[in-house]
Amino acid sequence: MTTVETRTVEYPADGLTMTGHLALPAGAGLRPAVLVGPEGTGLNDFQRRRADALAELGYVALAFDINGGRWFTDPEKMLAHVTPLLADPDRMRDIGHAALDVLRAEPRTDPDRIAAVGYGTGGAIALELGRDGVNLRAIGTVNATTTGRPGEAARIRCPVWAGVGSEDPIMPPAQRDAFAAEMQAAGVDWRLVVYGGALHAFHHPPVDQVVLPGVGYHPRHAQRAWRDIVGLLAECLPVTESATASALPSS
């Protein structure tokens, strides 16, 4: 296994002090980099392990924060924080840009080779960075078939991959269709994978977290979605050295 260096990084965004997790691959020199956005409940060890797994593949990876270091276990408090955020593209972009600035400031990061991957709210933030015209090599989202303000998807400059569960009540078929129509009308190179039988947050193992109707873990599809994301990065943001395996992050 490749040796990975990790450290906690604090930075301001959205009026909060964010606490991100930076993972660096072994070796020296510039490497491609990936932003990793968490679910609305916040950044926890599972998302940090995603960043570590990407660093093992040779990427500089930053799992960024959206809640000022908080991990919500109360559904009402989580929704009270996340719902207005998802309704405010400018706030989401500010959070994304603040994390992007941290990633670009890392000396190992190749500033011209950055992708954004996000889950739930973190995926919506990744998409808003694309709609804001940020020069990304790829955008990958899980459970985040969110649509943006009219016409702004035309500013997306990279391929977009989206994964969603077929039984996800938070991202139902009508929402998926609207997302697909937006991407198609904008001329984006897009893909949508629907994982049969999966609920919302199907990628996340059970932990002491918010329990909501329509949310549930699907281990087989979780592994498939991870492989799909690694494949997207290999296609659009290849690591030129030998770190090309698609190892799964531990649960």
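The values are calculated or read from the model by the stated rules, or taken from the named source; none is laboratory data. Computed from a predicted structure; not experimentally measured. In this analysis, Cβ positions are derived from the backbone assuming ideal geometry, glycine residues included, and neighbour counts consider all displayed protein chains. Accessible surface areas use protein heavy atoms only, side chains included; no ligands, DNA or RNA. Shrake-Rupley method; radii C 1.70, N 1.55, O 1.52, S 1.80 Å.
Things to note:
- Each principal axis of the Cα atoms in region 5-237 has its own extent, and those three values, largest first, are 45, 40, 36 angstrom.
- Theoretical FRET efficiency, 1/(1+(r/R0)^6), r = Cβ-Cβ of W71 and R227, R0 25 Å, to 0.05: 0.40
- Charge dipole magnitude, Cβ of K and R +1, D and E -1 - the chain, Cα centre, debye nearest 20: 400 debye
- Sum of side-chain charges, D90 neighbourhood, beta-carbon under 13 Å (Lys, Arg +1; Asp, Glu -1): -2
- Surface exposure of the chain, expressed per residue as accessible area with a 1.4 Å probe, stands at 41 Å².
- Inter-part distance where region 96-138 and region 6-77 are each reduced to a Cα centre, Å: 12 Å
- Region 2-102: trypsin sites (Lys or Arg not before Pro) in DSSP loop, at most 16 other beta carbons within 10 Å: R70
- To put it simply, the accessible area of the chain at a 1.4 Å probe is 52 percent carbon and sulfur.
- Most mobile listed residue (E167, E56, E39) in the chain, GNM with C-alpha springs under 10 Å: E167
- Sequence-ordered 3J(HN,Hα) estimates for region 60-72 from the Karplus curve with 6.51, -1.76 and 1.60 and θ = phi - 60° stand at 6, 9, 10, 7, 9, 9, 10, 10, x, x, 8, 10, 7 Hz, glycine and proline given as x.
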